[in-house]
Amino acid sequence: MKLRRLLAALAVLLAVCRAQAGLAAPQAMVAAAHPLAVEAGLEVLRRGGSAVDAAIAAQMVLGVVEPQASGIGGGGFLLHYDGATHAITAYDGRETAPAGATPTMFLDSNGKPLGYFGAVASGISVGVPGALAMLELAHKEHGKLAWRDLFAPAIAAARDGFAVPPRLAAWLSRIPGLREEPGIRAVYFNADGSPRKAGERIANPDLAETMHLIADQGPDAFYRGAIAAEMADRVRGHARPGTLSLADLADYRPIKRDALCGPYRLWVVCGMPPPSSGGIATLQVLALLELFEIWRDTAGDLRSVHLIAEASRLAFADRDRYVADPAFVKVPMAGLLSPAYLAERRKLMSPNRSMGKVGPGMPPGYVERGTSHMSIVDRWGNAVSFTTTIEAPFGAQIMVRGFLLNNELTDFSPRSEADGKPIANRVEPGKRPRSSMSPTLVLDRDNRLVAALGSAGGSRIIGDTLQALVGMLDWNLSVSAAIALPRVINANGTTELEAGTSLAGLADGLRAMGHQVQVRGHEGGLTGIRRVGDGWEGGADPRRDGVARGE
Ligand code: GLY
């Protein structure tokens, strides 16, 4: 504790020195997956816009320069912190299964699952996009600038062109089928079918026109009329058709939910409730770790890596069994987070031996039956933690008027039953697929904002976010250092260690404790902002193209 107090005193001293040297800490900040998106967000903040206004401007630019990860053809979850009232609101813009979806749609004619890669590039995987409707709702409640004034940087980048970022270039050469889709080919490939290279300038005039319409007419220009008709036609006319209809699009509604908050040591950590599994899993892992006091260890110690993997294993067993869209499945949230239940689950953890694959627990109250993250704070102390997605890189690989349609429905379970029992996350019409997206806010016990963070990367999002939290809260690392920490992931199976980092050297030690270990690359995708003194510091994952900037 002495060391922690010393570090806290040093942070205050540093803030005072910075202020005296005229280097006051930034009072507003944007951290996102591309510098142009960050600049668009900052420009909105400079004009007096709010954190939500900045998030809309940054999202529109990401749809242009990071099209493989998110955009208006996808969905997302946004946590908003109100700097005046300290209230947190969770906005759910998750894609929804069309009315024509069936529990067997991801099975082949022999009743076998198509498999993730067999289902991604299809019309079947496309859910009703939710990002735009959700952003419109958040804007009505927290916007300061006019909706139409948030689109100019994105329209300019799409119309006048931008340099292909390294990650987009890497994905273009990694997915061979992409060039077969005429819209995608026209924007991202040369006439001979070779992918455009990092640094080359490209434009997306169709997307500029689409965003122009949405800026002028609002999201109705997207959910009704010609753009909606084209989305439905493309999905229904695909070689592997889905059922997306005009009625599905017109009926889409974003949902406001209560954020899921729980205590962790000195703080309160708040995340996204179901249909995301991110909030529950993060709070479960932190609660399981708390009594092991990993703040006494250092990042990368064998003991802390082992404990994080084991706690994640337990959380994923519960996630896979219980968490799905709460409109369809009764998720035993209070039970999954109750201290008594977690104390029972903690008994399965040993500090020096892996328990191997585990089954889900029996929480009280249980009744049988391509992604991107941005973190923003404005000068009024409002904050946004927003994870946005089209699912796989390039989504369903269907381009409509310059934007890509999501394949979010592959986040459903391909089967509807296991061991004779219905699977919580089975496909049902109008249902939202379970997510791992984990937009997170950390408060102190007086409800003052301490940090905003989140990540990209499918179910690895949970491990990413969780380890950045542990890095900041337990090991007192800067947000950049916590984001860069080498990663250990366990989704109730193999313990993955990030290749090329010091963690790879722990493989033998973990095997000796009973872990099955795989050393593999990690994509990451974290961005975060954290309070320092009277301002903010930010960070973006060095594994990707993003940055954090403040002023
Ligand atoms: N498609 C990523 C997620 O929602 O977890």
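Computed values, structure above
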quantity: The stretch 512-524 residues that are of a type in the set (A, V, I, L, M), paired with ones that are outside any strand (DSSP E or B) and exposed (fewer than 13 other Cβ atoms within 10 Å of the Cβ) (beta carbon under 9 Å, 6 or more apart); calculated: 513/352; 517/508; 519/500
quantity: Among (1) at negative phi; (2) outside any helix (DSSP H, G or I) - the single one residue 319 does not satisfy; calculated: (2)
quantity: Subset of the stretch 441-469 (residues that are more than 14 Å from the ligand (Cβ to nearest atom) and within 20 Å of residue 548 (Cα to Cα)); calculated: 441, 442, 449, 450, 451, 452, 453, 466, 467, 468, 469
quantity: Breaking point among (1) in contact with a helix residue (DSSP H, G or I) (Cβ under 8 Å, 6 or more places away or on another chain); (2) within 28 Å of residue 383 (Cβ to Cβ); (3) surrounded by fewer than 21 Cβ atoms within 10 Å (Cβ to Cβ); (4) not aromatic (Phe, Trp, Tyr), for residue 548; calculated: (3)
quantity: First in the stretch 445-461 and under 15 Å from residue 29 (Cβ atoms), second anywhere and near the ligand (Cβ under 10 Å from one of its atoms) and of a type in the set (Ser, Thr, Tyr), Cβ under 8 Å, 6 or more apart; calculated: 454/387; 454/438
quantity: Test: residue in the stretch 376-392 that is in a loop (DSSP other than H, G, I, E, B), acidic (Asp, Glu) and within 16 Å of the ligand (Cβ to nearest atom); calculated: yes
quantity: Strands (runs of 3 or more DSSP E) (entirely within the stretch 213-297) containing at least 1 residues that are of a type in the set (Val, Ile, Thr) and within 16 Å of the ligand (Cβ to nearest atom); calculated: 255-257
quantity: Filter result for residue 370 (crowded, with 22+ Cβ neighbours inside 10 Å and in contact with a Gly (Cβ under 9 Å, 6 or more places away or on another chain)); calculated: yes
quantity: Any hit, the stretch 339-346, residues being of a type in the set (Asp, Glu), part of a loop (DSSP other than H, G, I, E, B) and out of contact with any Cys (no Cβ under 8 Å at 6 or more places or on another chain); calculated: no
quantity: Given (1) modelled with pLDDT of 95 or more; (2) within 16 Å of the ligand (Cβ to nearest atom), number of the condition residue 370 does not satisfy; calculated: (1)
quantity: Members of the stretch 157-186 found to be closer than 26 Å to residue 122 by Cβ and basic (Lys, Arg), listed by number; calculated: 167, 174, 179, 185
quantity: Residue that is nearest to residue 92 (Cα to Cα), among those in the stretch 375-402 that are within 19 Å of the chain's Cα centre (by Cα) and among the aromatic types (Phe, Trp, Tyr); calculated: 386
quantity: Of the criteria (1) modelled with pLDDT of 95 or more; (2) more than 13 Å from the ligand (Cβ to nearest atom), which one residue 419 fails; calculated: (1)
quantity: Selected residue [within 17 Å of the chain's Cα centre (by Cα) and charged (D, E, K, R)] from 344, 408; calculated: 408
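The values are calculated or read from the model by the stated rules, or taken from the named source; none is laboratory data. What you are looking at is a predicted structure, and each value in this text was computed from that prediction instead of being measured. Note that we place each Cβ from the backbone using ideal geometry, even for glycine, and neighbour counts take in every protein chain shown.
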